[in-house]
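Asker: Could you have a look at this structure, given as structure tokens, before my questions?
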Amino acid sequence: MENIEMRKAMFKFGKDEKKCSGCRICEMACVLYNKKECNPKKAFIKISGNFPEPGGYNIKILKGCTLCGECTRICPIGALFEKKNPEEQK
């Protein structure tokens with residue numbers, strides 16, 4: 001059974017993995033805002049490459065996400081965004 005926080009995050013945030021450049025600035029923004037430290041391994045969002053295929057990335061919101069939205073505000077290319085309505089992209 002899915003965790004309630006994950007379901008809330010999936011409803012509030014959208015992601016477009018085709019746009020993701022893999023810069024991982026969202027991970028840094030998340031951990032700096034939520035944990036007040038510079039350790040992206042502790043972020044509530046993870047970016048991982050689809051290797052060996054070049055240029056493909058997976059975006060995963062992890063359990064514990066506070067729904068602060070820092071990742072959506074910092075993403076330079078709009079791969080992460082706040083949904084305006086539930087019909088928007090996953």
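The values are calculated or read from the model by the stated rules, or taken from the named source; none is laboratory data. Worth saying up front: this structure is predicted, and the values here are computed from it rather than measured. Cβ sites come from the backbone with ideal geometry, for glycine too, and all protein chains shown count toward neighbours.
Asker: Taking the stretch 29-38, which residues are assigned to a helix (DSSP H, G or I) and either free of Cβ contacts under 8 Å to residues at least 40 places away in the same chain or exposed (fewer than 14 other Cβ atoms within 10 Å of the Cβ) (or both)? Steps first, please.
Answerer: Within the stretch 29-38, the subset assigned to a helix (DSSP H, G or I) is 29-34.
Scanning the stretch 29-38 gives V31, L32, Y33, N34.
Asker: So for the stretch 2-24 (the condition being at pLDDT 95 or above and either in contact with a Leu (Cβ under 7 Å, 6 or more places away or on another chain) or exposed (fewer than 13 other Cβ atoms within 10 Å of the Cβ) (or both)), does at least one residue qualify?
Answerer: Checked the stretch 2-24: no residue is at pLDDT 95 or above and either in contact with a Leu (Cβ under 7 Å, 6 or more places away or on another chain) or exposed (fewer than 13 other Cβ atoms within 10 Å of the Cβ) (or both).
Asker: In the stretch 39-62, how many residues are in a loop (DSSP other than H, G, I, E, B) and in contact with an Asp or Glu (Cβ under 6 Å, 6 or more places away or on another chain)?
Answerer: Here is the first cut: in the stretch 39-62, the residues in a loop (DSSP other than H, G, I, E, B) are 39, 43-44, 50-56, 62.
Then keep just the ones that are in contact with an Asp or Glu (Cβ under 6 Å, 6 or more places away or on another chain); that gives 43.
Within the stretch 39-62, residues that are in a loop (DSSP other than H, G, I, E, B) and in contact with an Asp or Glu (Cβ under 6 Å, 6 or more places away or on another chain) number 1.
Asker: While we're on this one: Looking at the stretch 47-63, which of the residues that are in contact with a helix residue (DSSP H, G or I) (Cβ under 7 Å, 6 or more places away or on another chain) and farther than 12 Å from F13 by Cα is modelled with the lowest pLDDT?
Answerer: K63
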